[in-house]
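Data block below; observations after.
Laboratory data are not the source of any read-out in this text; all were calculated from the coordinates shown. All values reported here derive from a predicted model rather than from experimental measurement. Cβ sites come from the backbone with ideal geometry, for glycine too, and all protein chains shown count toward neighbours.
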């Protein structure tokens, strides 16, 4: 009798587990369908356009600084301020903030729902975690854009945020080690960006039916140049984090804008800044083109 009872309980437990697995699978499928549905796809595409506008402004201001026409290199928050200061700036920034929300949600869908089909290998998991981190980052940027569009503040710029983060790490036990680890992580991000520029692993996602192969080649080239430029920036951010750790001084840490400013101050700095600025502009154009020609759907 005992064996019969145990078998019955085991069968019920197995059935329950199967039902839970089935429900989870159905929920995942429905979530993927929602993430690639006709109502969500335009929101995701607007996100690429909004990101492109941000980087076009960042790259344009950096290029102006390199050419010595008075502009100062800035970051994403500075780009938001540039938009809001223009005619109808609050309305335009509100539109951009909606796009940034779309991009943040799309990145989270890429990470959590794996709509790009990265899989569950070690490389796939790392890539999906990266998507989630980018999604959270752009959620914060979108919130800042919305606040600025409604008369508030965009929040901390990249330099202040990086220095505050560095100061918090340095205040902890083994703080120097933690900051060095943060620098290594930034260098790893740079490595991923260089890898994307070299391997062109994003090429299959670009599907410009109207432009043909030549048009696709142009978009892919812009993407490669853009990823390489971002890699240079993250390499520099990594270097300054290590310097901040060695000197135990968070003021040595730099965000995007600080990295571009410091780049300009180096020997041949204006030339290097101009090249990186052109790369950031290329990345902006690539992102805007992705809004139209990137595959946004099931892998």
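Quick look at the values:
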item	result
Relative contact order of the stretch 82-168, defined on C-alpha pairs under 8 angstrom at six or more residues apart (%)	33 percent
Burial order of peptide ranges 99-106, 87-94 (average beta-carbon count within 10 Å, highest first)	99-106, 87-94
Rounded tilt (10° steps) of 89-108 against the dominant C-alpha axis of the chain	40 degrees
Footprinting exposure proxy for 268, 202 (fewest neighbouring C-beta atoms within 10 Å first)	268, 202
Residue 177/residue 133 FRET efficiency (R0 22 Å; Cβ-Cβ; nearest 0.05)	0.55
Between helix 175-199 and the chain: long-axis angle, C-alpha atoms, 0 to 90°, nearest 10	90 degrees
The stretch 40-293: relative contact order as a whole-number percent, Cα under 8 Å and 6+ apart	30 percent
Residue 81-residue 153 pseudo-label distance in nm [points 7 Å out on the Cα-to-Cβ vector]	1.2 nm
Residue 91 versus residue 167: modelled label distance in nm, points set 7 Å from Cα along the beta carbon direction	4.0 nm
Extended-chain gain in nm, criterion 0.36 nm per residue less alpha-carbon gap, residue 270 and residue 209	18.1 nm
Tilt relative to the chain, helix 122-149 - C-alpha long axis, 0 to 90 degrees, to 10	60 degrees
